[in-house]
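The values are calculated or read from the model by the stated rules, or taken from the named source; none is laboratory data. Model, not experiment: these values are computed from the prediction. Because the Cβ atoms are built from the backbone with ideal geometry, glycine has one as well, and the counts that use them run over all protein chains shown. Only protein heavy atoms, including side chains, enter the accessible area calculation; ligands, DNA and RNA are left aside. Shrake-Rupley method; radii C 1.70, N 1.55, O 1.52, S 1.80 Å.
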Amino acid sequence: MVSVPQPSAGSSKNPIRWLMLNRSTWLYPLLGIGGFLLVWQISASLNLTRLPGPLSLWTNERTRELLLYPFYDRGGLDKGLFWQTMASLGRVAQGYLLAALVGISAGITVGLSPALNRAFDPLFQFLRMVAPLAWVPIALVIFQKNQPAAIFVIFITAIWPILINTAEGVRQIPQDYRNVALVLQMSKGRFFTKVLIPSALPYIFTGLRISIGLAWLAIIAAEIVMSGIVGIGFFIWDSYQQNYLSDIILAVLWIGAVGLLLDRAMAWLQSRLTPGQ
Amino acid sequence: MTTLVDVRDIEKSFALRGGGSYLALKGIDLEIRKGEFVSLIGHSGCGKSTLLNMIAGLDLPSEGTVLLDGEAIKRPGPDKMVVFQNYSLLPWLSVRENIALAVDEVMGKIGTSERDALVQEHIDMVGLGPAAAKLPLQLSGGMRQRVAIARALAIRPKLLLLDEPFGALDALTRGNLQEKLMQICNEHELTAVMVTHDVDEAVLLSDRIVMLTNGPGSRIGGILEVDIPRPRARLEVVHHPSYYSLRSEIIYFLNRQKRVKQWRSRPHAVVARHGLEKVNLDLGFLPLAASAPLAVAEAHGLFAKHGLDEVSLIRETSWRGIVDGLVDGTLDASLMPAGMPTWMTAGGHGGTPLPIVTPLTLSRNGNGITLGRRLAEQGVRTVEDYRAYLKSHEREPHTMGIVHEASMHNLLLRYWLAANGIDPDKDVHLQALPPAQMLADLKDGSIDGYCVGAPWLDRAIRDGHGIAVAGDLAIWPGHPGKVLGLREDWANAYPNTNIALTKALLEACQYCADPAHWAELSELLSDRRYLGIKPEMIRFSEASADVDRGGPESEAAVPHHLFFGEGLNRPSRTEHLWMMTQMARWAEIPLPRNWVEILERVCQVGVFSTAARELGLEAISYQRQGIELFDGQAFNADDPIGYLNSQTIKRDFSIAEIPLASPRRA
């Protein structure tokens, strides 16, 4: 066999040439998305559905304004989509942080004690199956107010993956590391900071990453039923009530984009904080 | 030297899921001296890591105690630091941080600069300076294990415990690390206990090697002292005279454990059938041409023909394995050297007499004495040359290989040497070696020569590594070679089986003796189950051999191995007395005062006669008379003591009454 040097894909300096060589990486996704939008637009134009087509983002004047000016703020509920999203994110941040704090501590406690684990695991497994929307009425009954109720729904949705994964991470600390700690006669505190946390960190992050997605899903659900608050979820519900259908499509785009960003940010954080694992 | 670790009669059992418990270790007693390097070796699951964990305090014994410096070990601690097999470094800490963590934990009081110096010293000790800032995952396995060793040493433990430290490393890295560890242990006079399953590693590193038997209830099966001086170098220890004997001792032990385990895993209920008390037999043999009758009996269905439906042939690598198999009852009967029944009966094996009987002589002849090419190149071609050579090379060690002290090879070689004025103990050293190893030793010149049976005697000559100086036909034509041996208590419990077995093998002997069958025999024995070597290496006649064994010209055409014929198969009391007398001459056994009784019981002439009569072969049942070897000295079977006294070259022999239980007649 004689090996002939070949220009490897993606190594070319010429951008046009690069695009041609790597077309499989951009062409197929583009075709897929384009095809989907096309079918959607055609079915909308043919009045097969009441849902406006993707072009309505631009053709509908109100929506175009929302698209182009996300930062306007006319007071009350009439704010640009950026502010709506930020309000929702604020709630997510509070509920999520609370969930992380409680979830990690409870997870470690449960993970360290087989008895506690056996006692509570069935309960955790059961509660994590309850949908976010089902918590909304309970939250409203408990807190009587929209804002704390929304944060509670985030909290209760996001906590389970964190808790269960943390507990698993603690249980999965290799016996070798425990033996090292035993042989060196490490104190409890040193074991916690030097062995337990670093060892369980990848599991904790897996939980955190699953939860951030769930929390973001939950806030939309929570806001939809909580009238009169600023937030992207309520914005969608309000648009629906007023039949601004193309606005809904725009809001959905925002939600998807923000969710994706949150997930990526979490993955980045994980790679930074747990090197080499 | 003072005792550092004292393991006192410990026992360890683990609770099993679903109730019950598993007894891992039982009755372990071990003292480890300060500065000693001890290895624990054994098969997987023999409890060697469990024992190490109990010394480490990671596990507590169910019974007994482990003392460190006189204090009972109750929990793990840095004074008995462990180097784990999978390194157990914390992957989120760099090399330096991993070592520093241990130093901080254990020596919290020392200052920062002192600490940094200590960490650096140990990083340098294992040669990891350039990698100090790296994370464990960026390092190779060998480097990681070096970090683990540095971490262990940095906290200055009294005792270093290593659990298969180099098990996961490639051979080259392992060798380098072994030398490094040895050097560090020497420099710091460390006391260390290492678990390993690598025989060479154990011999290289240890002062003592503790061999553990298989579980359940593992115990110490033997402790070997390694007398190779330090400092040792990996490539040089192999040339030390003790190296291979230690190595083969361990390998023998491990193989024996495996064999016992295999034996235990099979059902052993006695199966009685066809009017025989036991038809399921395990018969031992060694890969030798003289095993032909056993192979033939199996291949031609002769065992089954005589009612023995379930006979398995068990191949051992050394006669020692046969002895142990008969002692612990894993073998029912076995091919054995002709001298072994009287040797074992007189207590040659560890001083405890175990009556062994023989109803049948399976083969005669088949031996030869070979000298290495190294000697031939210096002009040594005859025994006179060899005697002169020994005189002129007195300072060098002269070793000759034999297969077992009770084998005819040993007795003939000694007889031949002594008759030629060479003292077989003072002028040379005779060492028992497995036949397959002799050729290798002859090649590299660590032995002068050997006396061994076919096919091993031809090999050296054919391969040009040695020359034949004396054939057995020249020393004692028709001497007994191998016999069928079994325990007397076994023979008493299964008398009809004994006769059936003798019949089957006698018929096989008859088959083997026919020259028309020799080509087939060579083919059969070349099978992997038996010898596993090329058929042309296995020869049964002088005439067909293309090498000169130095026998007289007139005998060159007779069959070399004798398997069957008049007076050949009947156990001969005179011959066994000759062998017993020779073994007494070399102080291998005392000469039994009750030798008449012993010969009566060892030679089961009655069993042989019954078997021969039932086969219609009465004609061969006659007794050979008189024994005369090449030197013309007659052996008087009525006066062995007088014979011994008349020998010039001999050891201080002893005469003793061998107590034998009264024979139980079934």
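Summary table below
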{"quantity": "Of the criteria (1) assigned to a loop (DSSP other than H, G, I, E, B); (2) more than 14 Å from chain B (Cβ to nearest Cβ); (3) under 30 Å from B:ALA56 (Cβ atoms), which one A:MET129 fails", "calculated": "(3)"}
{"quantity": "Number of the condition not met by A:SER43 [criteria: (1) free of Cβ contacts under 8 Å to residues at least 60 places away in the same chain; (2) surrounded by 14 or more Cβ atoms within 10 Å (Cβ to Cβ); (3) in contact with a Ser or Thr (Cβ under 9 Å, 6 or more places away or on another chain)]", "calculated": "(2)"}
{"quantity": "Residue within the range B:198-207 that is farther than 21 Å from B:LEU58 by Cβ and touching a Cys at 6+ places or on another chain (Cβ under 9 Å) present", "calculated": "yes"}
{"quantity": "Scope the range B:496-540; condition open to solvent by less than 20 Å² (accessible area, probe 1.4 Å), β-branched (Val, Ile, Thr) and closer than 19 Å to B:VAL311 by Cβ; matching residues", "calculated": "B:THR497, B:THR502"}
{"quantity": "Residue count, the range B:423-459 (criterion: farther than 26 Å from B:VAL323 by Cβ and open to solvent by less than 30 Å² (accessible area, probe 1.4 Å))", "calculated": "4"}
{"quantity": "Conditions (1) open to solvent by less than 60 Å² (accessible area, probe 1.4 Å); (2) part of a loop (DSSP other than H, G, I, E, B); (3) closer than 24 Å to A:GLY34 by Cα: number failed by A:ARG50", "calculated": "(1)"}
{"quantity": "Counted residues, the range B:113-139 - those being under 27 Å from A:THR274 (Cα atoms), among the hydrophobic types (A, V, I, L, M, F, W, C) and either surrounded by 13 or more Cβ atoms within 10 Å (Cβ to Cβ) or free of Cβ contacts under 8 Å to residues at least 24 places away in the same chain (or both)", "calculated": "7"}
{"quantity": "Members of the range B:124-149 found to be part of a loop (DSSP other than H, G, I, E, B) and either among the basic types (Lys, Arg) or within 14 Å of chain A (Cβ to nearest Cβ) (or both), listed by number", "calculated": "B:ALA133, B:LYS134, B:LEU135, B:LEU139"}
{"quantity": "Test set (1) at pLDDT 85 or above; (2) farther than 26 Å from A:ILE236 by Cβ; (3) open to solvent by less than 90 Å² (accessible area, probe 1.4 Å) - A:TYR28 fails condition number", "calculated": "(3)"}
{"quantity": "Every pair of residues 6+ apart whose Cβ atoms lie under 6 Å, when the first sits in the range B:75-94 and is at the interface with chain A (Cβ under 7 Å from one of its Cβ atoms) while the second is open to solvent by 10 Å² or more (accessible area, probe 1.4 Å) and in a strand (DSSP E or B)", "calculated": "B:PHE84/B:ASP163"}
{"quantity": "Residue match in the range A:221-228 (condition: more than 14 Å from chain B (Cβ to nearest Cβ) and over 18 Å from A:THR157 (Cβ atoms))", "calculated": "yes"}
{"quantity": "Residue under evaluation A:GLY111, criteria (1) in contact with a Lys or Arg (Cβ under 8 Å, 6 or more places away or on another chain); (2) of a type in the set (Gly, Ala, Ser); (3) surrounded by fewer than 21 Cβ atoms within 10 Å (Cβ to Cβ), criterion not met", "calculated": "(3)"}
{"quantity": "Pair list, Cβ < 8 Å and 6+ apart or interchain, from the range B:140-158 residues that are under 19 Å from B:GLY57 (Cβ atoms) to residues that are among the charged types (D, E, K, R) and not in a helix (DSSP H, G or I)", "calculated": "B:PRO157/B:ASP79; B:PRO157/B:LYS80; B:LYS158/B:ASP69; B:LYS158/B:ASP79; B:LYS158/B:LYS80"}
{"quantity": "Those residues of the range B:97-117 which are under 47 Å from the mean Cα position of the chain (by Cα) and either more than 14 Å from chain A (Cβ to nearest Cβ) or of a type in the set (Gly, Ala, Ser) (or both), in sequence order", "calculated": "B:ALA102"}
{"quantity": "Neighbours by Cβ (under 6 Å, 6+ apart or cross-chain): first from the range A:54-71, over 15 Å from A:GLN84 (Cα atoms); second part of a helix (DSSP H, G or I) and β-branched (Val, Ile, Thr)", "calculated": "A:LEU57/A:THR63"}
{"quantity": "Of all residues in the range B:51-74 being within 14 Å of another protein chain (Cβ to nearest Cβ) and not in a loop (DSSP other than H, G, I, E, B), the one that is surrounded by the most Cβ atoms within 10 Å (Cβ to Cβ)", "calculated": "B:ALA56"}
{"quantity": "Meets criteria (at pLDDT 85 or above, closer than 22 Å to B:SER407 by Cα and open to solvent by less than 50 Å² (accessible area, probe 1.4 Å)) for B:PRO571", "calculated": "yes"}
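Quick grid of which residues meet (1) at the interface with chain B (Cβ under 7 Å from one of its Cβ atoms); (2) open to solvent by 10 Å² or more (accessible area, probe 1.4 Å):
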{"position": "A:ALA167", "(1), (2)": "no, no"}
{"position": "A:ARG178", "(1), (2)": "no, yes"}
{"position": "A:GLN185", "(1), (2)": "yes, yes"}
{"position": "A:PRO198", "(1), (2)": "yes, yes"}
